[in-house]
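The values are calculated or read from the model by the stated rules, or taken from the named source; none is laboratory data. For clarity, every value in this text was computed on a predicted model and none was experimentally measured. Cβ atoms come from the backbone with ideal geometry, glycine included; neighbour counts cover every protein chain shown.
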Amino acid sequence: MTLAMGESDRSMRDAINLEGSTGDSVIGPEKLHQLPCFVDYDGPSKTSVYFLPEKQADLTYEASFRGRQLCGCKITLPDSYVGHVLVESTASDHDGLQDMAFESDDVASPTNDEQRELRSVGRFEDLTVWEHDRVPLQDDDEFICSLQWIDVASSIHADCTTTQVAGNE
């Protein structure tokens, strides 16, 4: 599946490409983390050596990053939803996008003559969400709260003819 994006008057066309064999690999919550910080670096790192989450008895996780304590929990996406890890590529890029997502230190910036693409290099159904000094809570973590909107949107857009309102039978 390819989703086209962008304005019609631009010479560069944007697309999200969800086809391809590399996007079929499943990434587990032990490799996919949402950290409560911004890291201004896109290159390779030895995360398996320096970022060592420990599972706790209450099914939460603890780790440290740059000397700060982190507490995390595994979040599962709602039923029938799948997340994708995307990397930017251009039409002139070659294979090896799976390695680029996790190890490359440079992603080419497309020129106006090139097609800009976001390619799926993996999919996920769960991930680990982290917070400083405490486990993320469902009622105050922005990411976790955003997942609740999926249910709200489904309810808002549900067929009203099949739903009875109390007192209006």
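Those residues that are of a type outside the set (A, V, I, L, M) and either surrounded by 13 or more Cβ atoms within 10 Å (Cβ to Cβ) or within 19 Å of the chain's Cα centre (by Cα) (or both), I need them from segment 35-52; list them, please.
Pro36, Cys37, Phe38, Asp40, Tyr41, Asp42, Gly43, Pro44, Ser45, Thr47, Phe51, listed by residue number.
How do the pairs read when you match residues in segment 35-63 that are charged (D, E, K, R) with residues anywhere that are loosely packed, with under 11 Cβ neighbours inside 10 Å, using Cβ under 7 Å and keeping only pairs 6 or more apart or on different chains?
Asp42/Asp105; Glu62/Glu54
Can you name the condition, by its number, that Thr128 falls short on among (1) under 19 Å from Ala15 (Cβ atoms); (2) modelled with pLDDT of 90 or more?
(1)
Could you tell me which residue of segment 53-80 is nearest to Arg134 (Cα to Cα), considering only residues that are aliphatic (A, V, I, L, M) and surrounded by 11 or more Cβ atoms within 10 Å (Cβ to Cβ)?
Leu70
What number of residues within segment 120-133 are under 13 Å from the mean Cα position of the chain (by Cα) and buried (at least 19 other Cβ atoms within 10 Å of the Cβ)?
Residues that pass the stated criteria total 6.
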